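Notes follow the structure.
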Amino acid sequence: MRAIGVIRKSWRERVSREEFEELLKSAGYEVVAMVEQVREEHPRYNIGPGKLEEVKRLVRELKPDKVVFANRLTPSQAYNLWKELRIDIIDKWQLVLEIFEKRAHSKEAKLQVELANLQYELPLVKEAIRRIKMGDRAGFKGMGEYQVHQYFKHIRYRMGKIREELEKIRREREIRRKKRTDEGFVLVALAGYTNAGKSTLLNALTGEEVEAKSQMFTTLDTTTRRFKVKGKMLLVTDTVGFIDGLPPFIVEAFHSTLEEIVKSDIIILVLDGSESWKEIRRKFFASLDVLRELKALDRPMIIALNKVDLISEEDAREKELLLRELANGRADVIGVAKISAKLGHLKELYDLIEKALSKLPKFQKFEIRINDPSKLGKVMAMVHSMGELLDVEYSEETRIKAYIQTGLIRELTKLGVSVRKIS
Ligand SMILES: Nc1nc2c(ncn2[C@@H]2O[C@H](COP(=O)(O)OP(=O)(O)OP(=O)(O)O)[C@@H](O)[C@H]2O)c(=O)[nH]1
Ligand SMILES: [Mg+2]
(Lines give C-alpha, C1' and ligand atoms only; values in the text may rest on other atoms or scores of the structure.)
(Ligands and ions follow the chains in the order given, each with its own letter.)
Protein backbone atom coordinates (compact mmCIF):
# COMPACT_ATOMS: atom_id res chain seq x y z
CA MET A 1 0.00 0.00 0.00
CA ARG A 2 1.26 3.46 -0.92
CA ALA A 3 0.41 6.47 1.20
CA ILE A 4 0.87 10.20 1.39
CA GLY A 5 1.41 11.37 4.95
CA VAL A 6 0.17 14.73 6.19
CA ILE A 7 1.33 16.33 9.45
CA ARG A 8 0.04 19.59 10.83
CA LYS A 9 1.96 20.95 13.77
CA SER A 10 0.90 23.66 16.15
CA TRP A 11 1.94 24.58 19.66
CA ARG A 12 -1.22 22.94 20.93
CA GLU A 13 -0.61 19.49 19.48
CA ARG A 14 2.17 17.04 20.29
CA VAL A 15 2.80 15.39 16.96
CA SER A 16 6.04 13.51 16.49
CA ARG A 17 7.08 12.98 12.88
CA GLU A 18 9.35 10.05 13.78
CA GLU A 19 6.54 8.31 15.59
CA PHE A 20 4.14 8.94 12.71
CA GLU A 21 6.64 7.44 10.27
CA GLU A 22 7.15 4.50 12.58
CA LEU A 23 3.38 3.92 12.70
CA LEU A 24 3.11 4.08 8.91
CA LYS A 25 5.89 1.56 8.61
CA SER A 26 4.34 -0.74 11.20
CA ALA A 27 1.04 -0.62 9.29
CA GLY A 28 2.92 -1.65 6.15
CA TYR A 29 2.74 1.56 4.12
CA GLU A 30 5.26 2.80 1.66
CA VAL A 31 5.31 6.57 2.13
CA VAL A 32 5.50 8.25 -1.28
CA ALA A 33 5.32 11.80 0.06
CA MET A 34 5.21 13.54 3.42
CA VAL A 35 3.52 16.93 3.61
CA GLU A 36 4.10 19.11 6.65
CA GLN A 37 2.42 22.30 7.73
CA VAL A 38 2.73 24.53 10.76
CA ARG A 39 -0.53 26.30 11.47
CA GLU A 40 -3.57 26.20 13.71
CA GLU A 41 -6.33 23.79 12.77
CA HIS A 42 -8.44 24.85 9.81
CA PRO A 43 -12.06 24.04 10.71
CA ARG A 44 -12.97 22.69 7.28
CA TYR A 45 -9.96 20.64 6.21
CA ASN A 46 -7.73 20.50 9.28
CA ILE A 47 -4.87 21.71 7.05
CA GLY A 48 -5.09 25.05 5.26
CA PRO A 49 -6.80 25.31 1.84
CA GLY A 50 -3.45 26.10 0.17
CA LYS A 51 -1.89 22.93 1.56
CA LEU A 52 -4.94 21.00 0.45
CA GLU A 53 -4.22 22.07 -3.15
CA GLU A 54 -0.70 20.73 -2.78
CA VAL A 55 -2.02 17.40 -1.48
CA LYS A 56 -4.50 17.28 -4.33
CA ARG A 57 -1.72 17.72 -6.85
CA LEU A 58 0.37 15.01 -5.17
CA VAL A 59 -2.59 12.64 -5.21
CA ARG A 60 -2.99 13.22 -8.94
CA GLU A 61 0.70 12.72 -9.65
CA LEU A 62 1.59 9.88 -7.31
CA LYS A 63 -1.72 8.00 -7.24
CA PRO A 64 -1.39 6.64 -3.67
CA ASP A 65 -3.91 4.27 -2.09
CA LYS A 66 -4.52 6.52 0.88
CA VAL A 67 -3.83 9.86 2.46
CA VAL A 68 -2.96 9.48 6.13
CA PHE A 69 -3.23 12.39 8.57
CA ALA A 70 -1.08 12.52 11.69
CA ASN A 71 -3.74 14.63 13.35
CA ARG A 72 -7.13 13.62 14.58
CA LEU A 73 -9.79 14.54 12.01
CA THR A 74 -13.32 15.49 12.98
CA PRO A 75 -16.04 13.57 11.09
CA SER A 76 -16.85 16.68 9.15
CA GLN A 77 -13.21 17.29 8.17
CA ALA A 78 -12.83 13.69 7.08
CA TYR A 79 -15.92 14.09 4.93
CA ASN A 80 -14.80 17.38 3.40
CA LEU A 81 -11.37 16.00 2.61
CA TRP A 82 -12.82 12.90 1.02
CA LYS A 83 -15.07 15.07 -1.12
CA GLU A 84 -12.09 17.10 -2.32
CA LEU A 85 -9.63 14.26 -2.83
CA ARG A 86 -11.93 11.32 -3.63
CA ILE A 87 -9.51 8.91 -2.07
CA ASP A 88 -9.42 6.99 1.22
CA ILE A 89 -8.54 9.38 4.04
CA ILE A 90 -7.56 8.11 7.45
CA ASP A 91 -6.11 9.71 10.56
CA LYS A 92 -3.63 8.58 13.18
CA TRP A 93 -6.19 6.59 15.13
CA GLN A 94 -7.39 4.62 12.17
CA LEU A 95 -3.77 3.98 11.37
CA VAL A 96 -3.28 2.58 14.87
CA LEU A 97 -6.38 0.45 14.37
CA GLU A 98 -5.03 -0.89 11.09
CA ILE A 99 -1.90 -2.02 12.94
CA PHE A 100 -4.06 -3.57 15.65
CA GLU A 101 -6.02 -5.41 13.00
CA LYS A 102 -2.86 -6.96 11.63
CA ARG A 103 -1.66 -8.04 15.05
CA ALA A 104 -4.92 -9.32 16.52
CA HIS A 105 -4.71 -13.10 16.95
CA SER A 106 -7.17 -14.07 19.65
CA LYS A 107 -10.92 -13.89 19.29
CA GLU A 108 -11.04 -11.25 22.00
CA ALA A 109 -8.43 -9.02 20.35
CA LYS A 110 -10.23 -9.31 17.02
CA LEU A 111 -13.55 -8.33 18.57
CA GLN A 112 -11.97 -5.42 20.39
CA VAL A 113 -10.40 -4.10 17.21
CA GLU A 114 -13.66 -4.45 15.32
CA LEU A 115 -15.52 -2.60 18.07
CA ALA A 116 -12.99 0.22 18.06
CA ASN A 117 -13.29 0.46 14.28
CA LEU A 118 -17.06 0.66 14.39
CA GLN A 119 -16.93 3.17 17.19
CA TYR A 120 -14.71 5.27 15.01
CA GLU A 121 -16.89 4.94 11.96
CA LEU A 122 -20.21 5.65 13.63
CA PRO A 123 -19.82 9.45 13.78
CA LEU A 124 -18.52 9.46 10.19
CA VAL A 125 -21.62 7.70 8.96
CA LYS A 126 -23.81 9.98 11.06
CA GLU A 127 -22.12 12.93 9.39
CA ALA A 128 -22.81 11.47 5.95
CA ILE A 129 -26.49 10.98 6.84
CA ARG A 130 -26.72 14.55 8.11
CA ARG A 131 -25.27 15.83 4.85
CA ILE A 132 -27.52 13.71 2.72
CA LYS A 133 -30.52 15.13 4.61
CA MET A 134 -29.24 18.60 3.80
CA GLY A 135 -29.27 17.72 0.14
CA ASP A 136 -25.59 16.80 -0.32
CA ARG A 137 -25.47 14.28 -3.15
CA ALA A 138 -21.89 13.12 -2.63
CA GLY A 139 -22.89 9.99 -0.70
CA PHE A 140 -20.32 8.26 1.45
CA LYS A 141 -17.40 6.16 0.23
CA GLY A 142 -19.29 5.32 -2.91
CA MET A 143 -22.52 4.48 -1.07
CA GLY A 144 -25.83 6.07 -1.93
CA GLU A 145 -28.44 7.27 0.54
CA TYR A 146 -30.16 3.92 1.09
CA GLN A 147 -26.91 2.06 1.55
CA VAL A 148 -25.60 4.60 4.04
CA HIS A 149 -28.73 4.14 6.15
CA GLN A 150 -28.41 0.37 5.99
CA TYR A 151 -24.76 0.62 6.91
CA PHE A 152 -25.60 2.78 9.91
CA LYS A 153 -28.09 0.19 11.15
CA HIS A 154 -25.59 -2.59 10.59
CA ILE A 155 -22.94 -0.77 12.66
CA ARG A 156 -25.34 -0.28 15.57
CA TYR A 157 -26.38 -3.91 15.49
CA ARG A 158 -22.85 -5.25 15.23
CA MET A 159 -21.62 -3.03 18.09
CA GLY A 160 -24.31 -4.42 20.37
CA LYS A 161 -23.41 -7.99 19.43
CA ILE A 162 -19.70 -7.48 19.98
CA ARG A 163 -20.28 -5.82 23.35
CA GLU A 164 -22.28 -8.86 24.43
CA GLU A 165 -19.58 -11.27 23.33
CA LEU A 166 -16.82 -9.24 24.95
CA GLU A 167 -18.79 -9.10 28.18
CA LYS A 168 -18.93 -12.90 28.17
CA ILE A 169 -15.18 -13.15 27.70
CA ARG A 170 -14.65 -10.50 30.36
CA ARG A 171 -16.70 -12.48 32.88
CA GLU A 172 -14.67 -15.62 32.22
CA ARG A 173 -11.50 -13.64 32.71
CA GLU A 174 -12.88 -12.16 35.91
CA ILE A 175 -13.53 -15.66 37.29
CA ARG A 176 -10.00 -16.74 36.45
CA ARG A 177 -8.57 -13.63 38.03
CA LYS A 178 -10.64 -14.05 41.16
CA LYS A 179 -9.43 -17.61 41.51
CA ARG A 180 -5.85 -16.41 41.29
CA THR A 181 -6.28 -13.72 43.92
CA ASP A 182 -8.15 -16.13 46.16
CA GLU A 183 -5.16 -18.42 45.93
CA GLY A 184 -3.14 -15.54 47.31
CA PHE A 185 -1.17 -14.54 44.26
CA VAL A 186 0.03 -10.97 43.98
CA LEU A 187 -0.63 -9.55 40.52
CA VAL A 188 2.02 -7.45 38.87
CA ALA A 189 1.09 -5.67 35.64
CA LEU A 190 3.53 -4.46 33.03
CA ALA A 191 2.46 -1.14 31.59
CA GLY A 192 4.07 1.34 29.27
CA TYR A 193 4.52 2.73 25.83
CA THR A 194 4.53 0.39 22.87
CA ASN A 195 8.00 -1.00 22.10
CA ALA A 196 9.36 -0.19 25.58
CA GLY A 197 10.24 -3.84 26.16
CA LYS A 198 7.31 -5.14 28.24
CA SER A 199 7.12 -8.54 26.54
CA THR A 200 10.89 -8.94 26.70
CA LEU A 201 10.67 -8.23 30.41
CA LEU A 202 7.90 -10.80 30.89
CA ASN A 203 10.09 -13.33 29.14
CA ALA A 204 13.09 -12.43 31.28
CA LEU A 205 11.10 -12.71 34.49
CA THR A 206 9.35 -15.97 33.68
CA GLY A 207 11.42 -17.78 31.08
CA GLU A 208 8.48 -17.46 28.71
CA GLU A 209 8.74 -16.84 24.99
CA VAL A 210 6.14 -14.19 24.22
CA GLU A 211 6.67 -12.45 20.90
CA ALA A 212 8.90 -9.37 21.24
CA LYS A 213 9.82 -7.33 18.20
CA SER A 214 11.20 -3.99 17.23
CA GLN A 215 7.91 -2.67 15.92
CA MET A 216 4.92 -0.90 17.38
CA PHE A 217 2.05 -2.85 18.97
CA THR A 218 3.50 -6.34 18.82
CA THR A 219 1.35 -7.35 21.76
CA LEU A 220 -2.43 -7.06 21.73
CA ASP A 221 -3.33 -10.06 23.82
CA THR A 222 -2.79 -10.57 27.48
CA THR A 223 -0.35 -13.09 28.88
CA THR A 224 -0.14 -13.94 32.57
CA ARG A 225 2.63 -16.12 33.99
CA ARG A 226 4.08 -17.05 37.36
CA PHE A 227 7.43 -15.94 38.61
CA LYS A 228 9.28 -15.89 41.89
CA VAL A 229 10.91 -13.11 43.84
CA LYS A 230 12.93 -14.26 46.85
CA GLY A 231 10.93 -17.45 46.96
CA LYS A 232 7.57 -15.70 46.72
CA MET A 233 5.24 -16.67 43.93
CA LEU A 234 3.84 -13.76 41.92
CA LEU A 235 1.91 -13.36 38.69
CA VAL A 236 2.97 -10.98 35.98
CA THR A 237 0.77 -9.80 33.14
CA ASP A 238 1.86 -8.33 29.83
CA THR A 239 -0.65 -6.55 27.69
CA VAL A 240 -1.23 -3.96 24.97
CA GLY A 241 1.12 -0.97 24.92
CA PHE A 242 0.20 2.69 25.17
CA ILE A 243 0.62 5.55 22.76
CA ASP A 244 0.35 9.31 23.06
CA GLY A 245 -3.25 10.34 23.64
CA LEU A 246 -4.74 6.84 23.40
CA PRO A 247 -8.29 7.94 22.61
CA PRO A 248 -11.18 6.90 24.87
CA PHE A 249 -12.80 4.81 22.14
CA ILE A 250 -9.76 2.54 21.97
CA VAL A 251 -9.47 2.42 25.75
CA GLU A 252 -13.15 1.46 25.88
CA ALA A 253 -12.81 -1.23 23.23
CA PHE A 254 -9.76 -2.68 24.97
CA HIS A 255 -11.30 -2.34 28.38
CA SER A 256 -11.19 -5.99 29.32
CA THR A 257 -7.55 -6.31 28.25
CA LEU A 258 -6.56 -3.15 30.07
CA GLU A 259 -8.50 -4.33 33.10
CA GLU A 260 -5.56 -6.59 33.91
CA ILE A 261 -3.70 -3.40 34.76
CA VAL A 262 -6.62 -2.00 36.72
CA LYS A 263 -6.88 -5.15 38.82
CA SER A 264 -3.19 -5.50 39.60
CA ASP A 265 -1.54 -4.98 42.97
CA ILE A 266 1.69 -3.52 41.64
CA ILE A 267 2.39 -1.77 38.34
CA ILE A 268 5.74 -1.86 36.62
CA LEU A 269 5.91 1.06 34.23
CA VAL A 270 8.45 0.16 31.55
CA LEU A 271 10.28 2.97 29.75
CA ASP A 272 12.83 2.74 26.96
CA GLY A 273 15.89 4.23 28.62
CA SER A 274 17.91 4.29 25.40
CA GLU A 275 15.80 7.13 24.00
CA SER A 276 16.47 10.82 24.51
CA TRP A 277 15.32 12.35 27.78
CA LYS A 278 12.73 14.35 25.85
CA GLU A 279 11.17 11.16 24.45
CA ILE A 280 11.30 9.37 27.80
CA ARG A 281 9.55 12.31 29.42
CA ARG A 282 6.87 12.46 26.72
CA LYS A 283 6.18 8.73 26.95
CA PHE A 284 6.20 8.81 30.73
CA PHE A 285 3.44 11.44 30.70
CA ALA A 286 1.51 9.67 27.97
CA SER A 287 1.60 6.47 30.08
CA LEU A 288 0.49 8.30 33.21
CA ASP A 289 -2.41 9.78 31.23
CA VAL A 290 -3.63 6.32 30.29
CA LEU A 291 -3.15 4.96 33.81
CA ARG A 292 -5.06 7.92 35.19
CA GLU A 293 -7.89 7.28 32.76
CA LEU A 294 -7.92 3.65 33.90
CA LYS A 295 -7.98 4.86 37.53
CA ALA A 296 -4.88 2.79 38.22
CA LEU A 297 -2.61 5.47 39.64
CA ASP A 298 -3.40 4.65 43.23
CA ARG A 299 -1.25 1.57 43.70
CA PRO A 300 2.47 1.01 44.19
CA MET A 301 4.35 1.65 40.98
CA ILE A 302 7.87 0.73 39.99
CA ILE A 303 9.49 2.50 37.09
CA ALA A 304 11.71 0.19 35.06
CA LEU A 305 14.19 2.16 32.99
CA ASN A 306 14.84 -0.52 30.40
CA LYS A 307 17.49 -1.05 27.69
CA VAL A 308 20.27 0.50 29.78
CA ASP A 309 22.65 -1.88 27.99
CA LEU A 310 22.47 0.60 25.12
CA ILE A 311 23.58 3.63 27.11
CA SER A 312 26.42 4.60 29.44
CA GLU A 313 26.15 4.11 33.18
CA GLU A 314 26.37 7.84 33.66
CA ASP A 315 23.52 8.49 31.24
CA ALA A 316 21.39 5.84 32.95
CA ARG A 317 22.07 7.30 36.37
CA GLU A 318 21.14 10.78 35.21
CA LYS A 319 17.88 9.58 33.65
CA GLU A 320 17.07 7.66 36.81
CA LEU A 321 17.42 10.83 38.89
CA LEU A 322 15.40 12.90 36.45
CA LEU A 323 12.65 10.29 36.45
CA ARG A 324 12.51 10.19 40.21
CA GLU A 325 12.06 13.91 40.28
CA LEU A 326 9.41 13.78 37.57
CA ALA A 327 7.45 11.01 39.26
CA ASN A 328 7.53 12.63 42.67
CA GLY A 329 3.98 13.38 43.79
CA ARG A 330 2.43 12.09 40.58
CA ALA A 331 2.09 8.46 41.54
CA ASP A 332 2.96 6.13 44.41
CA VAL A 333 6.40 5.37 43.01
CA ILE A 334 8.47 2.85 44.98
CA GLY A 335 11.56 3.59 42.95
CA VAL A 336 13.31 3.56 39.60
CA ALA A 337 15.10 0.38 38.53
CA LYS A 338 17.72 0.45 35.78
CA ILE A 339 17.39 -2.81 33.92
CA SER A 340 18.14 -4.64 30.73
CA ALA A 341 15.30 -7.03 30.00
CA LYS A 342 17.18 -8.33 27.00
CA LEU A 343 20.29 -9.27 28.94
CA GLY A 344 18.34 -10.36 32.01
CA HIS A 345 19.86 -7.71 34.26
CA LEU A 346 17.01 -7.31 36.70
CA LYS A 347 18.61 -7.05 40.11
CA GLU A 348 17.37 -3.52 40.87
CA LEU A 349 13.88 -4.50 39.76
CA TYR A 350 13.76 -7.55 42.04
CA ASP A 351 14.82 -5.39 44.98
CA LEU A 352 12.06 -2.89 44.29
CA ILE A 353 9.42 -5.59 43.84
CA GLU A 354 10.37 -6.90 47.26
CA LYS A 355 10.01 -3.43 48.68
CA ALA A 356 6.63 -3.02 47.00
CA LEU A 357 5.43 -6.36 48.36
CA SER A 358 6.08 -5.29 51.91
CA LYS A 359 3.80 -2.30 51.33
CA LEU A 360 0.87 -4.40 50.23
CA PRO A 361 -1.94 -4.72 52.73
CA LYS A 362 -2.29 -8.32 51.64
CA PHE A 363 0.81 -9.26 53.57
CA GLN A 364 0.04 -9.33 57.23
CA LYS A 365 1.49 -11.04 60.25
CA PHE A 366 -0.18 -14.29 61.26
CA GLU A 367 0.38 -17.08 63.71
CA ILE A 368 -0.31 -20.58 62.48
CA ARG A 369 -0.71 -23.46 64.92
CA ILE A 370 -0.26 -27.05 63.82
CA ASN A 371 -1.17 -30.06 65.93
CA ASP A 372 -0.69 -32.68 63.28
CA PRO A 373 3.03 -33.01 62.39
CA SER A 374 2.17 -34.63 59.06
CA LYS A 375 0.82 -31.27 57.91
CA LEU A 376 3.94 -29.34 58.81
CA GLY A 377 5.75 -29.88 55.52
CA LYS A 378 2.82 -28.72 53.43
CA VAL A 379 2.18 -25.62 55.55
CA MET A 380 5.83 -24.64 55.44
CA ALA A 381 5.87 -24.96 51.67
CA MET A 382 2.79 -22.76 51.38
CA VAL A 383 4.23 -20.12 53.68
CA HIS A 384 7.47 -20.10 51.73
CA SER A 385 5.86 -19.63 48.35
CA MET A 386 3.15 -17.18 49.39
CA GLY A 387 4.65 -15.37 52.31
CA GLU A 388 7.62 -14.82 54.52
CA LEU A 389 8.57 -16.97 57.45
CA LEU A 390 9.40 -15.06 60.63
CA ASP A 391 9.69 -17.60 63.38
CA VAL A 392 9.00 -21.27 64.19
CA GLU A 393 8.54 -22.73 67.65
CA TYR A 394 8.54 -26.50 67.81
CA SER A 395 6.78 -28.25 70.66
CA GLU A 396 3.88 -30.69 70.62
CA GLU A 397 2.04 -27.89 68.89
CA THR A 398 4.14 -26.14 66.26
CA ARG A 399 3.70 -22.37 66.10
CA ILE A 400 4.72 -20.50 63.01
CA LYS A 401 4.84 -16.74 62.76
CA ALA A 402 4.84 -15.39 59.22
CA TYR A 403 3.81 -12.63 56.86
CA ILE A 404 1.28 -14.17 54.53
CA GLN A 405 -1.18 -13.08 51.91
CA THR A 406 -4.72 -13.07 53.20
CA GLY A 407 -5.78 -15.35 50.35
CA LEU A 408 -3.65 -18.10 51.83
CA ILE A 409 -5.67 -18.16 55.04
CA ARG A 410 -8.53 -20.00 53.42
CA GLU A 411 -6.19 -22.63 52.03
CA LEU A 412 -4.58 -23.09 55.43
CA THR A 413 -7.93 -23.32 57.19
CA LYS A 414 -8.97 -25.94 54.67
CA LEU A 415 -5.95 -27.97 55.75
CA GLY A 416 -7.32 -27.89 59.27
CA VAL A 417 -4.75 -25.68 60.98
CA SER A 418 -5.60 -22.63 63.04
CA VAL A 419 -4.63 -19.20 61.75
CA ARG A 420 -4.72 -16.05 63.84
CA LYS A 421 -3.76 -12.51 62.95
CA ILE A 422 -1.17 -10.93 65.20
CA SER A 423 0.24 -7.42 65.18
N1 LIG B 1 19.01 -3.52 23.71
C2 LIG B 1 17.87 -3.86 24.30
N3 LIG B 1 16.77 -4.09 23.57
C4 LIG B 1 15.64 -4.44 24.20
C5 LIG B 1 15.57 -4.58 25.61
N6 LIG B 1 14.32 -4.93 25.95
C7 LIG B 1 13.62 -5.00 24.80
N8 LIG B 1 14.41 -4.72 23.74
C9 LIG B 1 14.02 -4.70 22.32
O10 LIG B 1 13.00 -3.74 22.14
C11 LIG B 1 12.05 -4.17 21.14
C12 LIG B 1 10.64 -4.13 21.68
O13 LIG B 1 10.51 -5.08 22.70
P14 LIG B 1 9.10 -5.70 23.12
O15 LIG B 1 9.35 -6.53 24.34
O16 LIG B 1 8.42 -6.31 21.97
O17 LIG B 1 8.32 -4.37 23.53
P18 LIG B 1 6.81 -4.23 24.06
O19 LIG B 1 6.83 -3.17 25.11
O20 LIG B 1 6.27 -5.55 24.45
O21 LIG B 1 6.09 -3.67 22.76
P22 LIG B 1 4.53 -3.78 22.31
O23 LIG B 1 4.10 -5.20 22.47
O24 LIG B 1 4.57 -3.32 20.92
O25 LIG B 1 3.77 -2.84 23.21
C26 LIG B 1 12.52 -5.56 20.76
O27 LIG B 1 13.26 -5.47 19.56
C28 LIG B 1 13.39 -6.01 21.91
O29 LIG B 1 14.38 -6.94 21.53
C30 LIG B 1 16.78 -4.34 26.37
O31 LIG B 1 16.84 -4.44 27.59
N32 LIG B 1 17.88 -3.98 25.65
MG1 LIG C 1 4.75 -6.63 23.72
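Show the residue pairs that are 6+ apart or on different chains and have beta-carbon atoms under 8 Å apart, the first residue being within segment 190-212 and on the phi > 0 side of the Ramachandran plot, the second being within 8 Å of ligand 2 (Cβ to nearest atom).
Close Cβ pairs satisfying both conditions: Gly192/Lys198; Gly192/Gly241; Asn195/Thr218; Asn195/Gly241; Gly197/Ala212.
For the structure I just gave you, tell me whether Glu260 is more than 14 Å from ligand 1 (Cβ to nearest atom), within 13 Å of the chain's Cα centre (by Cα) and among the charged types (D, E, K, R). Don't jump to the end; show me each part of the working.
Working: more than 14 Å from ligand 1 (Cβ to nearest atom): no; within 13 Å of the chain's Cα centre (by Cα): yes; among the charged types (D, E, K, R): yes.
Judged against the criteria, Glu260 is not a match.
Go through segment 199-217 and give me each residue that's outside any helix (DSSP H, G or I) and out of contact with any helix residue (DSSP H, G or I) (no Cβ under 8 Å at 6 or more places or on another chain).
Hits for segment 199-217 are Gly207, Lys213, Ser214.
For Gly273, indicate whether it is on the phi > 0 side of the Ramachandran plot, more than 13 Å from ligand 2 (Cβ to nearest atom) and in contact (Cβ under 8 Å) with a residue 40 or more places away in the chain.
Values: on the phi > 0 side of the Ramachandran plot: no; more than 13 Å from ligand 2 (Cβ to nearest atom): yes; in contact (Cβ under 8 Å) with a residue 40 or more places away in the chain: yes.
No, not satisfied.
For segment 67-77, name all the residues that are open to solvent by less than 20 Å² (accessible area, probe 1.4 Å) and under 23 Å from Ser26 (Cβ atoms). Let's see the steps before the verdict.
If we filter segment 67-77 for residues that are open to solvent by less than 20 Å² (accessible area, probe 1.4 Å), which is where we start, we get 67-71, 73, 77.
Selection gives Val67, Val68, Phe69, Ala70, Asn71, Leu73.
Out of Met382, Met386, report the one residue that is among the hydrophobic types (A, V, I, L, M, F, W, C), without any contact (Cβ under 8 Å) to a residue 40 or more places away in the chain and in contact with a helix residue (DSSP H, G or I) (Cβ under 9 Å, 6 or more places away or on another chain).
Details: Met386 fails: without any contact (Cβ under 8 Å) to a residue 40 or more places away in the chain.
After applying the criteria, what remains is Met382.
Only one of these is touching a helix residue (DSSP H, G or I) at 6+ places or on another chain (Cβ under 9 Å) and either of a type in the set (A, V, I, L, M) or part of a helix (DSSP H, G or I) (or both): Leu58, Leu81. Name it.
On the way: Leu58 fails: touching a helix residue (DSSP H, G or I) at 6+ places or on another chain (Cβ under 9 Å).
Testing whether each residue is touching a helix residue (DSSP H, G or I) at 6+ places or on another chain (Cβ under 9 Å) and either of a type in the set (A, V, I, L, M) or part of a helix (DSSP H, G or I) (or both) leaves just Leu81.
Working only within segment 235-254, note down all residues that are away from ligand 1 (no atom under 13 Å from the Cβ) and under 18 Å from Arg299 (Cβ atoms).
Start the filter on segment 235-254 by keeping residues that are away from ligand 1 (no atom under 13 Å from the Cβ), which leaves 235, 244-245, 247-253.
The answer is Leu235, and nothing else.
Which is within 16 Å of ligand 2 (Cβ to nearest atom) and touching a residue at least 24 places away in the same chain (Cβ under 8 Å), of Leu246, Leu166, Leu187? Spell out how you get there, then give the answer.
Details: Leu166 fails: within 16 Å of ligand 2 (Cβ to nearest atom); Leu187 fails: within 16 Å of ligand 2 (Cβ to nearest atom).
Just one listed residue meets the conditions, Leu246.
Please tell me if Ile280 is under 16 Å from Ala337 (Cα atoms), in contact with a Lys or Arg (Cβ under 7 Å, 6 or more places away or on another chain), assigned by TED's automatic domain parsing to the domain that holds Leu321 and modelled with pLDDT of 90 or more. Walk me through it before giving the result.
Details: under 16 Å from Ala337 (Cα atoms): yes; in contact with a Lys or Arg (Cβ under 7 Å, 6 or more places away or on another chain): yes; assigned by TED's automatic domain parsing to the domain that holds Leu321: yes; modelled with pLDDT of 90 or more: yes.
So Ile280 passes the test.
Restricting attention to segment 37-55, report how many residues are in a loop (DSSP other than H, G, I, E, B) and of a type in the set (Lys, Arg). If you could, list the steps in order and put the result at the bottom.
Going residue by residue through segment 37-55, those that are in a loop (DSSP other than H, G, I, E, B) are 39-41, 43-45, 47-48.
Next, from what is left, pick out any that are of a type in the set (Lys, Arg): 39, 44.
The qualifying residues number 2.
Enumerate the pairs (first residue in segment 24-39 and in contact (Cβ under 8 Å) with a residue 60 or more places away in the chain; second residue anywhere and of a type outside the set (A, V, I, L, M) and part of a strand (DSSP E or B)) with beta-carbon separation below 8 Å, excluding pairs fewer than 6 apart on the same chain, so at least 6 apart or on different chains.
Leu24/Gly5
I'd like to know if segment 291-310 contains one or more residues that are more than 30 Å from Glu165 (Cβ to Cβ), open to solvent by 30 Å² or more (accessible area, probe 1.4 Å) and within 16 Å of ligand 2 (Cβ to nearest atom).
Looking through segment 291-310, at least one residue is more than 30 Å from Glu165 (Cβ to Cβ), open to solvent by 30 Å² or more (accessible area, probe 1.4 Å) and within 16 Å of ligand 2 (Cβ to nearest atom).
Which members of segment 218-234 meet the condition of being assigned to a strand (DSSP E or B), open to solvent by 10 Å² or more (accessible area, probe 1.4 Å) and away from ligand 1 (no atom under 13 Å from the Cβ)?
Matches in segment 218-234: Thr224, Arg225, Arg226, Lys228, Lys232, Met233.
Which numbered condition in (1) within 16 Å of ligand 2 (Cβ to nearest atom); (2) over 19 Å from Ser106 (Cβ atoms) is the only one that Asp182 fails?
Unmet condition: (1).
The values are calculated or read from the model by the stated rules, or taken from the named source; none is laboratory data. Quantities reported herein were computed from a predicted structural model and do not represent experimental measurements. Every residue, glycine among them, receives a Cβ derived from its backbone with ideal geometry; neighbour counts consider all protein chains shown. Calculation scope for accessible area: heavy atoms of the full protein, side chains included, ligands and nucleic acids excluded. Shrake-Rupley method; radii C 1.70, N 1.55, O 1.52, S 1.80 Å.
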